[in-house]
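The values are calculated or read from the model by the stated rules, or taken from the named source; none is laboratory data. The structure displayed is predicted, hence computed values, not measured ones. Cβ placement follows ideal geometry from the backbone for every residue including glycine, while neighbour counts extend to all protein chains displayed. Note: accessible area is taken over every heavy atom of the protein model, side chains too, but ligands, DNA and RNA are not part of it. Shrake-Rupley method; radii C 1.70, N 1.55, O 1.52, S 1.80 Å.
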Amino acid sequence: MSQFISFMDIALEEANAAAARGEVPVGAVITKAGQIISREGNRMRERIDPTAHAEVLAIRAACQILQTERLTDCDLWVTLEPCPACAGSIAAARLKRLYYAAPDPKSGGITQGPRVFDHPQSHHKPEVYTGLLEDQSAALLRAFFANRRR
């Protein structure tokens with residue numbers, strides 16, 4: 001029996017790096033067989049690209065590294081519940097498992113809002129696990145937005 005290893009701490013590092021760049025602090029990591037394939041944080045402002053979410057960037061990087069458009073044996077670790085657009089990308093990439101830290105009542109697309117994977121049009125539904133480092137992720141997001149309001 002293999003031991004469960006979380007990579008959410010690495011995703012949280014990416015979220016902190018995103019915050020330091022002035023980006024919304026979301027970080028993502030893609031793993032395969034317990035090895036990190038890619039890790040990214042939000043870069044929408046930096047790249048002037050509304051699709052440069054951490055999840056999408058991590059998926060793109062993993063596909064390039066593995067030279068495939070399907071990440072069927074890979075897991076995604078992300079600090080915030082993916083939005084509907086990212087959920088669509090996760091389904092298209094056929095990721096095996098999704099782990100996310102904090103729920104996103106405003107913009108989430110997995111257990112909040114449209115629940116993308118539950119739609120009949122969704123081509124794939126990964127296993128979904130929530131709550132790993134939820135408090136730390138939520139605190140980082142709250143602090144980031146509190147500082148922006150000042």
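Please compute one quarter of the surface area of the Cα convex hull for segment 55-113 and express it in square nanometres.
Result: a mean projected hull area of 3.5 nm².
Could you work out [θ]222 nm for the chain from helices alone, using -39500 (n - 2.57) per DSSP H run of at least four and dividing by all its residues? Round to the nearest 500 deg cm²/dmol.
-11500 deg cm²/dmol
What figure, in Å² to the nearest 10, do you get for the accessible area of TYR129 with a 1.4 Å probe and non-protein molecules left out?
Result for TYR129: roughly 100 Å² accessible.
Using only the alpha-carbon atoms, what does the chain span along each of its principal axes? Please give whole angstrom values in decreasing order.
Here the spans come out as 45, 33, 32 Å, largest first.
Taking only complete DSSP H runs, can you tell me which helices of the chain stretch 27 Å or more along their own long axis by Cα positions and average at least 0.5 on the Kyte-Doolittle scale?
None clear 27 Å together with a mean of 0.5.
Rounded, prolate or oblate: which fits segment 96-150, taking a ≥ b ≥ c as square roots of the Cα gyration tensor eigenvalues, rounded meaning a/c under 1.5, else prolate when a/b beats b/c?
The shape class here is oblate.
Shape verdict for segment 31-79, please, from the Cα gyration tensor: rounded (a/c under 1.5), prolate (a/b greater than b/c) or oblate.
Prolate, because a/c is 1.5 or more and a/b exceeds b/c.
Roughly how far apart, in whole Å, are the Cα centres of segment 1-75 and segment 100-149?
After rounding, the separation between the Cα centres reads 15 Å.
Would you list which lysines come within 25 Å of LYS106, measuring only between C-alpha atoms, while excluding same-chain residues fewer than 8 positions from it?
Result set, ordered by chain and number: LYS125.
For Cα pairs less than 8 Å apart in space and 6+ apart in sequence, what is the mean separation divided by the residue count of segment 1-46, i.e. the relative contact order in percent?
It comes to 34 percent, rounded to a whole number.
Given a Förster distance of 35 Å, report the FRET efficiency between HIS124 and ALA20 from their Cβ-Cβ distance, rounded to the nearest 0.05.
Approximately 0.55, to the nearest 0.05.
Positive end of the dipole of the chain, charges at C-beta (+1 Lys, Arg; -1 Asp, Glu), about the Cα centre: which of ALA102, SER122, ALA18 has its Cα farthest in that direction?
ALA18
Quick one: how many Å² of PHE7 are accessible to a 1.4 Å probe, rounded to 10?
30
Quick one: dipole size for segment 9-150, taken about the Cα centre, charges +1 on Lys/Arg Cβ and -1 on Asp/Glu Cβ, in debye to the nearest 20.
360
For the pair ILE48/SER107, report the inter-label distance in nm, with labels modelled 7 Å from Cα in the Cβ direction.
A separation of 2.0 nm, rounded to one decimal place.
Could you sort ARG43, ARG150, ARG142 by accessible area so the largest value comes first, with the probe set to 1.4 Å?
ARG150, ARG142, ARG43
For segment 20-146, with all protein chains present and a 1.4 Å probe, just round the carbon and sulfur fraction of the accessible area to a whole percent.
For segment 20-146, the apolar C and S fraction of the accessible surface comes to 53 percent.
Express the relative contact order of the chain as a whole percentage, based on alpha carbon pairs under 8 Å and six or more residues apart in sequence.
Worked out over the chain, it gives 19 percent.
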